[in-house]
Structures are given as structure tokens and as C-alpha cells.
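Worksheet: one structure, shown below.
Only the coordinates and a few stated rules stand behind these numbers; no lab work does. The structure presented is a predicted model; accordingly, all values stated were derived computationally and were not measured. When we count neighbours, we look across all protein chains shown, and the Cβ atoms used for this are built from the backbone with ideal geometry, even at glycine.
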Amino acid sequence: MPAIIHLSGNVGGDVRQNKTNAGGDVVSFRLADHYKQDTTWYTVTCFGRLATYAAEAVSRGCYVHAWGRLKRNEYDTKRGEHMVDLEVLADGMEVRDRQNAQGEAEEDGTGL
């Protein structure tokens, strides 16, 4: 059974847009999840209608709540370093108002 994760944080970097081999939309972005003194970076990947929404609504620095299946990707760099990338295959997301991000967050009205 896949692990489901909910996370909230700020988008770091630019949103990347691609197409699947079948021509479907794919959008991914990096999300920093802050807990106490630790920051964990995730790659959030959206497909289809959610990708269309993310391409329009998400930008660097905005506050996002996303949820979906957690995927752990491991690889070795050319220098021999073992790396782990945490990816969320998003089932849904909301772009939230920064001022209300800690309490009752308000959606921008288009969250999926």
C-alpha cells in the first residue's frame, strides 16, 4: 500500500512543465516543508487537470498545500555520492494565502 503524505510549504525555484509520451501535461516543482528547525525538500509532480492548475497558480515563493503518494527515488552521482529524492505524485493541491497559512488557510478558490 503506498504511503500518502500531506505537506505544506513554500515553492522554491521555477515550475517545470513537460508532456508525457501520450501528450498529457506534467508539472513539477520543489516544495520546502518546514518542521521546527528542519527543512525537507520534496519534488511535487502533478498530472492532467491538476498540472494545468499548477502551471497557472504556482510560482516561486508561493505557499502550497499538496497531498499524494510518496515516492522515494535513490541514485548515485558521478562522484559516487548516494542521493535520495522524495517525490510526491500529487492527487491534489491548494495554493494558500500566506497570511492565513498557519491557521484557517483560505484557498484561492481554485484548489483541486
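Before moving on, here are some points about what is shown:
- In units of the rule-of-thumb radius 2.2 N^0.38 Å, the range 1-42 shows an alpha carbon radius of gyration of 1.49.
- Other residues whose C-beta falls under 13 angstrom from the C-beta of Ala3 contribute a net charge of +1, scoring Lys and Arg +1 and Asp and Glu -1.
- Computed from backbone phi with θ = phi - 60° and the Karplus coefficients 6.51, -1.76 and 1.60, the 3J(HN,Hα) list for the range 44-52 is 9, 10, 10, 10, x, 4, 5, 5, 4 Hz; x is used for glycine and proline.
- In order along the range 36-43, the Karplus-derived 3J(HN,Hα) couplings, from 6.51 cos²θ - 1.76 cosθ + 1.60 at θ = phi - 60°, round to 6, 9, 9, 10, 10, 9, 10, 9 Hz, and Gly and Pro are given as x.
- Modelled label reach - Thr40, point 7 Å along Cα→Cβ, the range 73-91 residues with backbone N closer than 16 Å: 73-74, 84-90
- Going from the fewest other Cβ atoms within 10 Å to the most, the residues Trp41, Trp67 appear in the order Trp41, Trp67.
- Extension gain, Leu70 back to Thr52 (0.36 nm per residue minus Cα-Cα distance, nm): 4.4 nm
- The range 59-76 - phi-based ³J(HN,Hα) in whole Hz, Karplus 6.51/-1.76/1.60, Gly and Pro as x: 8, 3, x, 6, 9, 10, 10, 10, 8, x, 7, 8, 10, 9, 10, 10, 7, 10
- Shape call, the range 4-92: gyration tensor on alpha carbons, a/c limit 1.5: oblate
- Modelled label reach - Asp91, point 7 Å along Cα→Cβ, the range 1-31 residues with backbone N closer than 14 Å: 1-7
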